[in-house]
Amino acid sequence: FRRVLFRSSVQSLLNKICPENVGTIAEKIVETKVSNTEELELVIGLIMKKALAESHYCETYADLVFRLKTEMPEFPAADGGKPVSFKSTLLNVVQNEFESMQTDSLELSEEEVAGKEKDEIDFLMAQRKSRILANMKFIGHLFLRQLLTARIIGSVMQDLAMCNEADRLPPEHVVECICELLNSIGYTLDSLSAGKEAIKQVCGRLMDLKQKKDKKGSQCYPKRIQFKIQDLLDTKNAGWVMKTFKASAKTKDEIAKDAARDAASGKTPDGAEHVIAGARPSYLVAGGSGAPGVGNDQGAWSEVPTKAGRR
């Protein structure tokens, strides 16, 4: 009964989250008094589920994680090793999601498509793709909040791009994931020595994939993927400045400032804006919130537990 009530309380709080009340929601989650590792995993699982289902709120959920990481309790490990913390549990959840994304394709199983119309199947495939892309975006925003290091992110990108396996081609949705990740973190990653080298290698690989042809002389990737790669390379060459129409959660103050700027310029707003692709949140750049290691690559979560087959 305690678990059901606890889950309901946390879910209710997450349903109310917006950019303006992240601090309040974080405090209320802490007040639920997580009492064991199962409840800790439940909180993280619910946050992850919401972040992947509502990609335009990825930044907000990453801000929530940033606030919770030092407030949640630790618990003794069953094997007597390092204590189980909010940080380590979240990293395990994120890594598991990432590894399942590497092995899963967008194709549905026979059981999943049985008895369904084409429209239903297309909808399910679109949902799966949206979840995969949202996961990359969420990983990127964790990095921007210094919860993952440039070395880890660089390794993720190189794994996805198969940089050490030139004879293999990553699936189309994986190429899209790389572009999504770099559009989320490019500016900040490029400012770090470890990140700059990874970007150089991955972008070189993307350029090669864009031009890759099969034995019959046909392009290996469709125009849609080629354009996506080129758009990313153009953004990088423009200093990571990009024009975006993507939906993102904003506070009331941000909406009011945008409206005032449009009115002052005499322009009719078209919903687009020029942004830095992958800048850190302003509260970290300004040194607010007591953020650790601002301006360097010494994030709080410096390691991800690795599994067999990973570098």
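Summary of computed values
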read-out	value
Accessible area expressed per residue, the stretch 40-155, with surrounding protein chains retained (probe 1.4 Å, Å²)	46
The stretch 149-226 - Rg and Dmax from Cα coordinates, angstrom	12.7, 42
Proximal lysines relative to residue 118, as straight alpha-carbon distance under 29 Å, when same-chain residues fewer than 8 apart are discounted	49, 50, 129, 137, 223, 228, 246
Amide N proximity, the stretch 9-32 versus residue 257 label position 7 Å along Cα-to-Cβ, cut-off under 14 Å	20
Length added when fully stretched, residue 4-residue 218, from 0.36 nm per residue minus Cα-Cα	71.5 nm
FRET efficiency, 1/(1 + (r/R0)^6) with R0 51 Å, evaluated for residue 110 and residue 78 via beta carbons	0.85
Rounded, prolate or oblate (a/c below 1.5 giving rounded, otherwise prolate when a/b exceeds b/c) for the stretch 119-182 by Cα gyration tensor	oblate
Projected label distance in nm at residue 46 and residue 211, using a 7 Å step from Cα toward the beta-carbon	5.2
Quarter of the Cα convex hull surface for the stretch 6-162, i.e. its orientation-mean projected area (nm²)	11.3
FRET efficiency for residue 196 and residue 99, using Cβ-Cβ distance with R0 set to 35 Å, rounded to 0.05	0.85
Separation of the residue 276 and residue 151 label points, Cα + 7 Å toward Cβ, nm	2.6
Along each principal axis, Cα extent of the stretch 19-66, largest first, Å	31, 21, 13
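The values are calculated or read from the model by the stated rules, or taken from the named source; none is laboratory data. Since we're looking at a predicted model, the values are computed, not measured. Note that we place each Cβ from the backbone using ideal geometry, even for glycine, and neighbour counts take in every protein chain shown. Calculation scope for accessible area: heavy atoms of the full protein, side chains included, ligands and nucleic acids excluded. Shrake-Rupley method; radii C 1.70, N 1.55, O 1.52, S 1.80 Å.
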